[in-house]
1. Of the conditions (1) open to solvent by less than 40 Å² (accessible area, probe 1.4 Å); (2) over 18 Å from the mean Cα position of the chain (by Cα), Ile178 clears all except one; give me its number.
2. Please give the number of the condition Arg67 fails out of (1) charged (D, E, K, R); (2) in contact (Cβ under 8 Å) with a residue 40 or more places away in the chain; (3) farther than 30 Å from Ala144 by Cα.
3. Consider Thr38 carefully, then state whether it is surrounded by fewer than 18 Cβ atoms within 10 Å (Cβ to Cβ) and in contact with a helix residue (DSSP H, G or I) (Cβ under 6 Å, 6 or more places away or on another chain).
4. Under 6 Å between Cβ atoms, which residue pairs at least 6 apart in sequence (or on different chains) link something in the range 100-115 that is open to solvent by 70 Å² or more (accessible area, probe 1.4 Å) with a partner that is part of a helix (DSSP H, G or I)?
5. So, in the range 67-82, of the ones that are open to solvent by 30 Å² or more (accessible area, probe 1.4 Å) and at pLDDT 95 or above, which residue ends up nearest to Phe115 (Cα to Cα)?
6. Under the condition of being out of contact with any strand residue (DSSP E or B) (no Cβ under 7 Å at 6 or more places or on another chain) and within 27 Å of Met183 (Cβ to Cβ), which residue from the range 145-169 is surrounded by the fewest Cβ atoms within 10 Å (Cβ to Cβ)?
7. Quick one: which of Thr98, Thr38 is at pLDDT below 95, more than 30 Å from Ala189 (Cα to Cα) and part of a loop (DSSP other than H, G, I, E, B)?
Amino acid sequence: TRFRLDGLILTPPLVDRQDVLDAVAAANVPLVRIAPRTDPARTAHVRMDDQAAARLAADHLADLGHRRLGMILGHPDHGAAELRRHGFLQAAADRGLTLLPQHVVPGDFSFAGGFAAAERLLSLPDRPTAIFAGNDDMAAATVAAANKHGLQVPRDLSVVGFDDSPIAQVIWPPLTTIRQPTMAMAAAAVDLLIGDGEPVRQLGFELMVL
């Protein structure tokens, strides 16, 4: 039995796949994307300012007095990962802080990837005193790696995550993190799909300090 989709919502990383976008357009299916990076004007979409949010994380760590900052990057296929990287590094530079090349390490948005990245950072002789991770899974993994190295968070190491996902509240200590309005973004995408409102919506964010 063949059926036709009434509409489609795409999330990262599919939102930036040109072959997927071309196929949806060829099928003439209404489409809303969440957090696109490539050609955002092509479709209706919902987004938040990942770059500004990452800047807020860097400012928070600088305000705490940290001078040696580290960063665990997100998955390279996710457009938001690059925006967060750029925002964090630019804000650090604006505060007179330059991250050493060895203090910026790749990650993949997974707990395992975050743990491996944190191990690299915390094993350095000039390890960072604060680490910003591209999402909460990697930030939680950083806390676990800190425990392995005998470091207490936040006394010996400050950690900031991104998303305010459930894991941020179930680990100890709870994560300081950027709250991304995930549910509101999904609801806004549905509204756009049924033709309610402007074709572009940008939602706010909040730094949750714990």
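The values are calculated or read from the model by the stated rules, or taken from the named source; none is laboratory data. Since the structure is predicted, the reported quantities are computational estimates derived from the model, not experimental observations. Note that each Cβ is placed from the backbone with ideal geometry, even for glycine, and that neighbours are counted across all protein chains shown. Surface areas here come from the heavy atoms of the whole protein model, side chains and all, with no ligands, DNA or RNA. Shrake-Rupley method; radii C 1.70, N 1.55, O 1.52, S 1.80 Å.
1. (2)
2. (3)
3. When the stated conditions are applied, Thr38 passes them.
4. These pairs meet every condition: Phe111/Asp137; Phe111/Ala141.
5. Checking each candidate, the answer is Leu73.
6. Checked the range 145-169; the qualifying residue surrounded by the fewest Cβ atoms within 10 Å (Cβ to Cβ) is Pro166.
7. After applying the criteria, what remains is Thr98.
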